[in-house]
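Below you'll find the structure, written out as structure tokens, and then a few comments.
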Amino acid sequence: MPLVNINVWQGMPNDQIDQIHEAVHACLVKAWGIPENGGFYLITERPPSRMRIQRTMWGIDRSAQPPILLQITSSPRSREMKTNFYKLIAAEFARLGLRPEDLFISITPSNPEDWSFGNGIAQLLQSNASDESNRL
């Protein structure tokens with residue numbers, strides 16, 4: 001299960017934050033095959049004055065509202081899995097009435113030794129974790 005930081009602007013309604021969280025999780029389940037009952041999500045509200053993201057970049061014109069930033073740390077994923085996730089979440093944002101242009105995603109790959117889920121153990125290095133690590 002990846003570690004997902006969802007950065008939203010301060011004052012965003014809680015129901016909208018819940019919708020974003022649910023959408024991100026559903027898209028990761030579909031695109032990456034992570035467990036439906038899993039996930040590690042940190043949701044941070046940031047004052048708009050502390051979110052200094054260029055409004056126009058790479059042909060994207062963002063709204064005046066700060067973008068929603070997803071920072072995902074995960075076991076390595078294929079290019080196809082990543083691009084499929086980008087398409088799924090953009091479509092889901094549009095369905096929720098959010099502008100896909102106002103979504104910024106960064107994925108950082110990690111290795112099995114980079115994770116400890118508790119007790120000071122690198123669980124993904126254990127031999128029986130190899131099947132599970134493919135879904136993390």
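Every read-out reported here was derived from the displayed coordinates using simple, explicitly stated rules and does not represent laboratory data. Please read all numbers here as calculations on a predicted model, not as lab measurements. Every residue, glycine as well, gets a Cβ built from its backbone with ideal geometry; the counts of neighbours run over all protein chains shown.
Just one residue in the set ARG77, ARG99, ARG46 is touching a Ser or Thr at 6+ places or on another chain (Cβ under 8 Å) and either free of Cβ contacts under 8 Å to residues at least 60 places away in the same chain or of a type in the set (Gly, Ala, Ser) (or both); that residue is ARG99.
Going through ILE53, ILE68 one at a time, which residue ends up being out of contact with any Asp or Glu (no Cβ under 9 Å at 6 or more places or on another chain) and more than 24 Å from TRP115 (Cβ to Cβ)?
Residue meeting the stated conditions: ILE53.
Evaluating PRO2 against the criteria (1) more than 21 Å from LYS87 (Cβ to Cβ); (2) touching a residue at least 40 places away in the same chain (Cβ under 8 Å); (3) touching a strand residue (DSSP E or B) at 6+ places or on another chain (Cβ under 6 Å) leaves one unmet condition, (1). Answer with yes or no whether VAL4 is within 27 Å of GLY118 (Cβ to Cβ) and in a helix (DSSP H, G or I). Here the answer is no, as VAL4 does not meet what is asked. Tell me, yes or no, whether the stretch 31-39 has at least one residue that is more than 16 Å from PHE104 (Cβ to Cβ), among the β-branched types (Val, Ile, Thr) and touching a residue at least 12 places away in the same chain (Cβ under 8 Å). Yes, the stretch 31-39 contains a residue that is more than 16 Å from PHE104 (Cβ to Cβ), among the β-branched types (Val, Ile, Thr) and touching a residue at least 12 places away in the same chain (Cβ under 8 Å).
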